[in-house]
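Trainee: One structure, as structure tokens, below. Some questions next.
The values are calculated or read from the model by the stated rules, or taken from the named source; none is laboratory data. All of these numbers come straight from a predicted model, not from anything done at the bench. Note: ideal-geometry Cβ built from the backbone for every residue, glycine included; neighbour counts use all protein chains shown. We work out accessible area using only protein heavy atoms, side chains counted, and drop any ligands, DNA or RNA first. Shrake-Rupley method; radii C 1.70, N 1.55, O 1.52, S 1.80 Å.
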Amino acid sequence: MRHWQVAFTGAWPMLLVMGGAGSAALLAYVFYRRKKPVLMPSAFRLLTGLRTLAIFIVALFLLQPVLRLTRAEASRATVAFLVDVSESMSIRDAAGDRSRLEAALSLLREKPGQLLRRVGQSQDVRLFTFGAVTAEVPAGGQRLAELQPEAKATALGDALKDTVRQVGERNMSAVVLLTDGVSNRGEDPEEAARALGVPVFSVAVGGRLAQRGRFHDVGIVSVPQNPRFIVNNRAIVKVEVGHVGLRNFTEAEREVLLRLEDEGAELAARAVRLPAEDGTLQQEMEFVPKRVGIHRLRASVSALPAETVTQNNARSFTVIVTDPRIRVLIVEGAVRREYRFLRRALESDPNLEVTSVIKLSGKRFLLQGVQTGVDLSRGLPARREDIGEFDVVILGDIGREEFTGLQLEQLKDFVDAGGGLIALGGYHAFGAGGYADSALADVLPVTMGGERDGHVEAAFAPALTPEGKRHPVFEGCREFFEGARPRVSLEGANRVTGIKPAALALAVHPRERVGRAPMPVVAVQSYGAGRAMALTADTTWKWKFQTEGRGLDSPYYRFWRQSVRWLAGRDVAEMAPDQLVSAWPARVEYEPEEPVLLKARVRNRDKEPEERAAVQVHITFPIPIKKKGPDGQEIVENETTVRLAPVPLSLGQYQASWSPPASGLYRAMAEARLGEETLGSDGFEFVVGQAAAEFDRVDVAESTLQNLAAQTGGTYHTLATAGRIPDELEGRRHLVLHREEVSLWNAPWFFAVFMACVTAEWILRKRRGLN
């Protein structure tokens, strides 16, 4: 639409100028009328007209006329389309058995809606998707067709604010929102809309499945929290199955299959008939774990007929399969190196509970390690029933005189009943310690002469016997004792007089002999239901440094770990034989904002606990997380890395506390490195809050979408009425006025007309002979 107007911009008053011009024109008429007798009528009229025109042109010069043109056009602003791509948009409750997202994309691209094309004819269009974060995508092409409902959360309020911020409020005419309206993260959408400044045209995508009784679902609600099971023993896992909307199902349709798996291998399965009423049902799954270690089990339930949501039909959790903890008592006569390193090695094994007592001055003993409640004020337990609190007793460099005869008898009975006993070498051990005629003389696998047995002081490399090379105590250690130059040696040993007929010599002195046989250094035997070992040396701690100092492996931890387990009747470690790295969370479920305790156990290539490793856990978030970058700009993170620190006084164990930024299912992968070498990795999962929060509410939030439209000045639509949106947007377009001003008085043609009038009059006057 165009409009024009002539205006006068000169400083002279119009009436004065026009009055003067009229007077001048009248005088010109009077002048030429007096000359009329000598002028033809046509000449009179021409001269009078030229003079009058020139006068009025001068008047116009004084008035300074301009031409003002006004043109009105409808504005072309930006319409932002905002599409929900969270997991709840995968629910198939739209016409034609389509998912909510499929219905939304069809409205944008296909007839009869074609919102993108129709709106784009008169306004600029930008397309955004949102879940936990907001992202812009091309409004056409293959990228739009590839959109999937995969976002783990819906931040509707944040999405509205982010879209307006990216486009700019001044450049926007509206936001067209396509969503089911269920927001479970970030700012409240209605509060965000109040400060938006842009009208929102909300389109409800989805139905009221639960309200209309069309929604039915079954899922795993709860799983155990890191249970511990004993290998080769019956284990029971309790799983809670939730179910809703089954009133119209037959009994056969309510029957589902509950399965328990370990890395795809089925451990247990059972058919479960669910009640018709909504609720949860606890089920027990029984199996026998065959392997020691940390396992990721998966509990799953089969889907119902035409079940809408299947993402919550399975849950993973961690179980720890171990041998029962072995309780070890160390009784030592002094704080010597053999004791310090032995205690440290045993305490580094998580399957061992180590209690130790050390003799002080007089008859006093110092208690260290795990407090069992047993009276150990005299070294060994005073009561017969108390010694049964332990599985293995290690008797160090302490003489017989420190104990009563009753205590030693009880120790003998302990082994006979199934306990384990290790006697270590020392200046107050074996015969030198007065044990030759004690109750322990029957238990130990070696024979002793008496207190004058003495010691072998020279260093030597013990030699494994054929029995020792096959025995569990030296499993994996054979290479350290073989060859012309063995890798390990001992600094002396107690002399013994022989080995008992039923005993086995596992390692012997290469030079010292007892009769015709080599002197035993490590010997074992069964006694009653229990086992006993004699280790006549007291410098096995040097094995660790003799090999590690030269960059070689060490048999130290392996030897002692296997010895204790053999004596207790168990020789399997908690970690699988070839597993060097094991990682897990302290629990598998956490409340929002509760710190998560991450744990790991690391062994080196020698299968010994490794305390020098660099352990990192790479954690993948359930949803993208927005945060401020170093430069103050907003960035989006999908994962993070947490470094675990060594646990003091616990060799090979690492842990760290970490605060998760959002609710959902987290996946983690722990990796341990020793220098440039990667020892191994291990993965696990844990849940913060609800793992499937996207499906807590399945009905479209109509009231929320209606309020968003009302508060911002937009309109609310369903899929059936959304085709009206382009017309509504067209009716709201603003008119933009374009103004243009053209000067007339100083135009060249205007001056040319004036000069033409004056010149023509002058020529005619000359020809007529007029002054």
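Trainee: Compute the angle between helix 702-712 and the longest alpha-carbon principal axis of the chain, please, reported from 0 to 90 degrees and rounded to the nearest 10.
Mentor: Roughly 40 degrees between the two axes.
Trainee: Mind listing which trypsin sites (Lys or Arg not before Pro) in region 330-424 are in a DSSP loop and have 14 or fewer other Cβ atoms within 10 Å?
Mentor: Details: sites: Arg336, Arg337, Arg340, Arg343, Arg344, Lys359, Lys363, Arg364, Arg378, Arg383, Arg384, Arg400, Lys412; in loops: Arg336, Lys363, Arg364, Arg378, Arg383.
For trypsin sites (Lys or Arg not before Pro) across region 330-424 that sit outside H, G, I, E and B with at most 14 neighbouring Cβ atoms in 10 Å, the list reads Lys363, Arg364, Arg383.
Trainee: Between Gly498 and residues 5 or more places away or on another chain, which pairs have amide H atoms under 5 Å apart, with H built 1.01 Å from N, and which residues are they?
Mentor: Excluding prolines and chain starts, which carry no amide H, the hits are Thr447.
Trainee: Continuing with this model, one more query. Roughly speaking, to the nearest percent, how much of region 483-562's 1.4 Å accessible area is carbon and sulfur? Provide the component values of the computation, followed by the final result.
Mentor: Values: 1650 of 3380 Å².
The computed percentage sits at 49.
Trainee: Helix 14-34 sits at what angle to the longest principal axis of the chain, using alpha carbons and giving 0 to 90 degrees rounded to 10?
Mentor: The angle comes out at about 30 degrees.
Trainee: Please list, or write none, the lysines whose alpha carbon is within less than 17 Å of the alpha carbon of Lys36, excluding same-chain residues fewer than 8 places away.
Mentor: Output for Lys36: Lys766.
Trainee: Rank Arg531, Arg34, Arg76 by accessible area, highest first, at a 1.4 Å probe radius?
Mentor: Details: Arg531 75, Arg34 185, Arg76 130 Å².
Highest to lowest solvent-accessible surface, that is Arg34, Arg76, Arg531.
Trainee: Right, another one. If you filter region 239-291 for GluC sites (Glu not before Pro), then keep DSSP loop positions with at most 15 other Cβ within 10 Å, what is left? Don't skip to the answer; put the middle values down first.
Mentor: On the way: sites: Glu240, Glu251, Glu253, Glu255, Glu261, Glu263, Glu266, Glu277, Glu284, Glu286; in loops: Glu251, Glu253, Glu263, Glu277.
Qualifying residues, ordered by number: Glu251, Glu253, Glu263, Glu277.
Trainee: Put a dot 7 Å past each Cα toward the Cβ at Arg511 and Gln121; how far apart are the dots in nm?
Mentor: Placing both labels 7 Å beyond Cα along the Cβ direction yields 10.8 nm.
Trainee: Could I ask something else about it? Please turn the phi angles of region 197-204 into ³J(HN,Hα) values with the Karplus equation 6.51 cos²θ - 1.76 cosθ + 1.60 (θ = phi - 60°), one per residue in order, whole Hz, x for glycine and proline.
Mentor: x, 9, x, 10, 9, 8, 10, 6
Trainee: Leaving out ligands, DNA and RNA but keeping every protein chain, what accessible area does Thr308 have, in Å² rounded to the nearest 10, with a 1.4 Å probe?
Mentor: 40 Å²
Trainee: Now for a separate question. Can you divide the C-alpha Rg of the chain by 2.2 N^0.38 Å and report the result to two decimal places? Write down the numbers at each step before the final one.
Mentor: Working: Rg = 48.1 Å, N = 771, 2.2 N^0.38 = 27.5 Å.
Normalised Rg, Cα atoms only: 1.75.
Trainee: Further, regarding this structure: In terms of Cα to Cα distance under 15 Å, which aspartates and glutamates are near enough to Lys290, apart from those fewer than 8 places away along the same chain?
Mentor: Within the straight-line cut-off, Lys290 pairs with Glu261, Asp262, Glu263, Glu266, Asp323, Asp571, Glu574.
Trainee: Hey, what's region 126-262 come to in accessible area per residue, 1.4 Å probe, Å²?
Mentor: On the way: 5920 Å² over 137 residues.
Result: 43 Å² per residue.
Trainee: Taking the Cα centre of the chain as the origin and placing charges on Cβ (Lys, Arg +1; Asp, Glu -1), which of Thr678, Thr308, Gln371 is farthest toward the positive end of the dipole?
Mentor: Positive-end residue among those listed: Thr308.
Trainee: Here's another thing I want to ask about it. Using 16 Å as the cut-off for backbone N distance, which residues of region 417-443 belong to the label zone defined by a point 7 Å from the Cα of Ala334 along Cα→Cβ?
Mentor: Taking a point 7 Å out along Cα→Cβ of Ala334, the residues of region 417-443 whose backbone N falls under 16 Å are 424-430, 432-434.
Trainee: Would you mind estimating how fast region 150-293 diffuses translationally, via Stokes-Einstein at 20 °C and 1.002 mPa s with the Kirkwood radius over Cα pairs, in µm²/s?
Mentor: Numbers: Rh = 19.7 Å.
Translational D for this selection: 109 µm²/s.
Trainee: A further question follows. About the Cα centre of the chain, how large is the charge dipole given +1 on each Lys and Arg Cβ and -1 on each Asp and Glu Cβ? Please answer in debye to the nearest 20.
Mentor: So the magnitude is around 5020 debye.
Trainee: Of the cross-linked pairs Lys412/Lys469; Lys412/Lys544; Lys152/Lys626; Lys412/Lys500, which ones have a Cα-Cα span greater than 21 Å in the structure shown? Provide the component values of the computation, followed by the final result.
Mentor: Values: Lys412/Lys469 28 Å; Lys412/Lys544 32 Å; Lys152/Lys626 14 Å; Lys412/Lys500 17 Å.
Checking Cα-Cα distances, Lys412/Lys469; Lys412/Lys544 exceed 21 Å.
Trainee: Just reorder Glu191, Glu728 by solvent-accessible area, largest first, 1.4 Å probe, all chains present. List each step's numbers first, then the result.
Mentor: On the way: Glu191 105, Glu728 55 Å².
The ordering from most to least exposed comes out as Glu191, Glu728.
Trainee: Another question, if that's okay. Give the distance, in whole Å, between the Cα centre of region 247-289 and the Cα centre of region 379-432.
Mentor: Spelled out, the Cα-based centre of one part sits 53 Å from the other.
Trainee: If ligands, DNA and RNA are left out, what is the accessible area of Leu26 with a 1.4 Å probe, given in Å² to the nearest 10?
Mentor: Here the residue's solvent-accessible area equals roughly 110 Å².
Trainee: Could you tell me how many degrees, from 0 to 90 and to the nearest 10, lie between the Cα long axis of helix 41-63 and the main elongation axis, the longest principal axis, of the Cα atoms of the chain?
Mentor: Tilt of helix 41-63: around 30 degrees.
Trainee: Using every Cα-Cα pair within region 456-552, state what percent have a distance larger than 17 Å. Walk me through the intermediate numbers first.
Mentor: Working: 2365 of 4656 pairs.
Considering region 456-552, 51 percent of its Cα-Cα pairs are separated by more than 17 Å.
Trainee: Using the Karplus equation 6.51 cos²θ - 1.76 cosθ + 1.60 (θ = phi - 60°), what ³J(HN,Hα) coupling, rounded to whole Hz, does each residue of region 719-727 give in order, writing x for Gly and Pro?
Mentor: Once rounded to whole Hz, the list reads 4, 6, 9, 5, x, 7, 4, x, 5.
Trainee: Could you state, as a whole-number percent, how many of the C-alpha pairs of region 407-508 are farther apart than 15 Å?
Mentor: On the way: 3504 of 5151 pairs.
For region 407-508, the share of Cα pairs beyond 15 Å comes to 68 percent.
Trainee: Another question, if that's okay. In the P(r) worked out for region 321-375, what percent of Cα pairs fall beyond 16 Å? Write down the numbers at each step before the final one.
Mentor: Values: 649 of 1485 pairs.
So the pairs more than 16 Å apart make up 44 percent of the total in region 321-375.
Trainee: Using just the helices of the chain, give the 222 nm mean residue ellipticity in deg cm²/dmol: DSSP H runs with n ≥ 4 each add -39,500 (n - 2.57), and the total is spread over all residues, rounded to 500. Walk me through the numbers before you get to the answer.
Mentor: Details: 16 runs with 173 residues, N = 771.
Rounded to the nearest 500, it is -7000 deg cm²/dmol.
Trainee: Karplus couplings for region 348-358 from phi (6.51 cos²θ - 1.76 cosθ + 1.60, θ = phi - 60°), rounded to Hz, Gly and Pro as x?
Mentor: Using θ = phi - 60°, the values come out as 6, 8, x, 8, 10, 10, 9, 10, 9, 10, 10 Hz.
Trainee: Whole number in Å², please: accessible area per residue of region 398-539, 1.4 Å probe, ligands, DNA and RNA not counted.
Mentor: Working: 5870 Å² over 142 residues.
Accessible area per residue: 41 Å².
Trainee: Right, next: Where nothing but the Cβ of Lys and Arg (+1) and of Asp and Glu (-1) is charged, how large is the charge dipole of region 55-207 around its Cα centre, in debye to the nearest 20?
Mentor: Dipole size: approximately 780 debye.
Trainee: Please list, ordered by chain and number, the residues whose modelled amide H lies under 5 Å from the amide H of Phe621; skip anything fewer than 5 residues away on the same chain.
Mentor: Glu639, Thr640
Trainee: Here's something else I'd like to know. Taking H placed 1.01 Å from N in the peptide plane, check which residues at least 5 places from Asn351 or on another chain put their amide H under 5 Å from its amide H.
Mentor: Here the answer is none, since no amide H 5 or more places off falls under 5 Å of that of Asn351.
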